[in-house]
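Colleague: Attaching a single structure in structure tokens format; questions to follow.
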Amino acid sequence: MVDLKPMPTTQSPHILIIDDERDIRRPLAKYLGESGYRVSDVENGREMDRIMSKASIDLIVLDVMMPGEDGFSICKRLQATTRIPIILLTALKDDTDRIVGLELGADDYVSKPFNPRELKARIKTVLRRTQMLPPRSERLNGTVRFDRWQFDLSQKQIVGPHELIVPLSSGEHALLLALIEHAGTTLSRDQLLDLTRGVSAPVFDRRIDNQISRLRHKLEKDTKNPMIIQTKWGGGYVFAAELVWS
């Protein structure tokens, strides 16, 4: 494991590289360290857990193809407990396999073999985008009421009048969580893509609009005049309903 701290008096972003190939991760750690980042590198998920128990990590560079717990499994596990941005390193040539990683929560991917300068540029972009996200509400669990609905944040459903249960897809659930956690704050499409662990690629640009539309059809009394999820023209969307926690 390499821990490089080129500027001890500054708090530069801390990058964690996870790759079982020593000949890849060590030179990459050295290169990123010389570029001003604090860098740690490990060869598997077990060592990752040890590092993360002692240090704050700002971004993870994660190899997909590793023995034992592979990158997809690690990515899924991390996204269940953290919101640390992840860039996948993959030798896979099939677009379907790369999309699987993105759907599991990765923020970007770089194909092997890669140019370290390209990876550094991707790291800079992901950090800039994720660090610009607005702060979340401190209340991240429990049950909340709004309008005529009751929502247990751990459940993929909402409960309406007369105990009417309306199921939510995984995407709708993640989107509703993001909106509620930032209630009263206008969120752009890119911010919502990040908060719902999507990717900022053109092919996904309309996904947020489509999910907003589906949520409105489930939540709003009048979808043409939405009162819960409102559109801010030129800005994005805002959760405007009053929240009552229990």
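Colleague: Tell me, what are the semi-axes, in whole angstrom and largest first, of the equivalent ellipsoid of the range 87-126 as set by the roots of 5 times the Cα gyration tensor eigenvalues? Could the numbers behind the result be given before it?
Modeller: Details: eigenvalues 61, 33, 5 Å².
After diagonalising the Cα gyration tensor, the semi-axes are 17, 13, 5 Å.
Colleague: For a quick size check, give me the Cα extents of the range 3-131 along its three principal axes, largest first, whole Å.
Modeller: In descending order, the Cα extents are 43, 30, 29 Å.
Colleague: Listing GLU47, GLU118 from the residue with the fewest other Cβ atoms within 10 Å to the one with the most, what is the order?
Modeller: Numbers: GLU47 15, GLU118 11.
By the 10 Å Cβ count, ascending: GLU118, GLU47.
Colleague: Counting only Cα atoms, I'd like the Rg/Rh figure for the range 26-77, Kirkwood definition for Rh.
Modeller: Working: Rg = 11.5 Å, Rh = 11.9 Å.
Here the Rg-to-Rh quotient is 0.96.
Colleague: Okay, moving on. If you place +1 on the Cβ of every Lys and Arg, -1 on the Cβ of every Asp and Glu, and leave all else neutral, what size is the dipole of the chain about its Cα centre, to the nearest 20 Debye?
Modeller: On the way: 36 positive and 34 negative charges, 116 e Å.
Dipole about the Cα centre, nearest 20: 560 debye.
Colleague: Is there a quick way to get the dipole size of the range 143-245? I mean about its Cα centre, with the Cβ of Lys and Arg at +1 and of Asp and Glu at -1; what is the value in debye to the nearest 20? Don't skip to the end; give the middle numbers.
Modeller: Values: 13 positive and 12 negative charges, 47 e Å.
It works out to roughly 220 debye.
Colleague: I need the per residue convex hull volume for the range 143-245, using only the alpha carbons, in cubic angstrom as a whole number. Before the final figure, lay out each step's value.
Modeller: Details: hull volume 9.5 nm³, N = 103.
Output value, Cα hull per residue: 92 Å³.
Colleague: Given charges of +1 on the Cβ of Lys and Arg and -1 on the Cβ of Asp and Glu, with all other atoms neutral, how large is the dipole of the range 3-131 about its Cα centre, in debye to the nearest 20? Walk me through the numbers on the way to the answer.
Modeller: On the way: 21 positive and 21 negative charges, 120 e Å.
The dipole magnitude comes to about 580 debye.
Colleague: Next question, about the same structure. If you wrap a convex hull around the alpha carbons of the chain, what volume per residue comes out, as a whole number of Å³? Please report the intermediate quantities before stating the final value.
Modeller: Working: hull volume 35.5 nm³, N = 246.
Convex hull of Cα atoms, per residue: 144 Å³.
Bear in mind these aren't lab numbers, they're just calculated from the coordinates by the rules spelled out. This structure is a prediction, so every number in the text was calculated from the model and none was measured. Every residue, glycine among them, receives a Cβ derived from its backbone with ideal geometry; neighbour counts consider all protein chains shown.
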